[in-house]
Amino acid sequence: MAQQVLTQFTDHEMSWARADRILSESNSLQSKFIALQILEKLIQTKWKILDEDPRNGIKNFTLNLIVELASSEESLRQNKVFLSKLNLILVQILKQDWPQKWPDFIPDIVATSRTNLALCENNMAILKLLSEEVFDFSAEQMTQAKAKALKTQMCG
């Protein structure tokens, strides 16, 4: 019964609208990972058809949560697995929005890296994931034109 309810929730087309509350308020790591899976599915399948306000809301929420969890060495270590999944969500957003809709991503990540060592370390992990997606896995998930544009941004 519980599995059936969970499946119905994750399959519901508006379940993504509850992900922020789950991520903010739940004490269950399993619930948080389910919310991240819902966001990941949304970004991969419906990102381009969402209005700009929800897209920006998801992007800003994800960024703020990453900054919060990577704000100290202790928090970075305690939340390592969760933060890794959150970083992947951000990379999925970047693959959709950068550089056209998020031209300041590189200057933004460089600026936040100056905040503290833990955040800098996490930002380097984000850049590594983005680089892997663009250079290693781009043929499977992006058009050639999109992959070339991202590679140009990463290298130029």
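The values are calculated or read from the model by the stated rules, or taken from the named source; none is laboratory data. Since we're looking at a predicted model, the values are computed, not measured. Don't worry about glycine lacking a Cβ; one is built from the backbone with ideal geometry, like all the others, and counts go over all protein chains shown. Ligands, DNA and RNA are stripped out before the accessible areas are found, and what is left, the full protein with its side chains, is counted by its heavy atoms. Shrake-Rupley method; radii C 1.70, N 1.55, O 1.52, S 1.80 Å.
List of remarks:
- Top-ranked residue in region 1-46 [being hydrophobic (A, V, I, L, M, F, W, C) and over 22 Å from residue 81 (Cβ atoms); ranked as most open to solvent (accessible area, probe 1.4 Å)]: 1
For (1) under 12 Å from the mean Cα position of the chain (by Cα); (2) among the charged types (D, E, K, R), each residue gets a yes or a no:
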site	(1), (2)
32	no, yes
39	yes, no
43	yes, no
48	no, yes
58	yes, no
62	yes, no
82	yes, no
97	yes, yes
100	no, no
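- Count of region 115-156 residues, restricted to those that are open to solvent by less than 30 Å² (accessible area, probe 1.4 Å) and modelled with pLDDT of 90 or more, is 6.
- Search result, residues across region 47-74 that are over 25 Å from residue 118 (Cβ atoms), among the charged types (D, E, K, R) and open to solvent by less than 80 Å² (accessible area, probe 1.4 Å): 55
- Inspection of region 88-106 identifies at least one residue that is among the charged types (D, E, K, R), modelled with pLDDT of 90 or more, part of a helix (DSSP H, G or I) and surrounded by 12 or more Cβ atoms within 10 Å (Cβ to Cβ).
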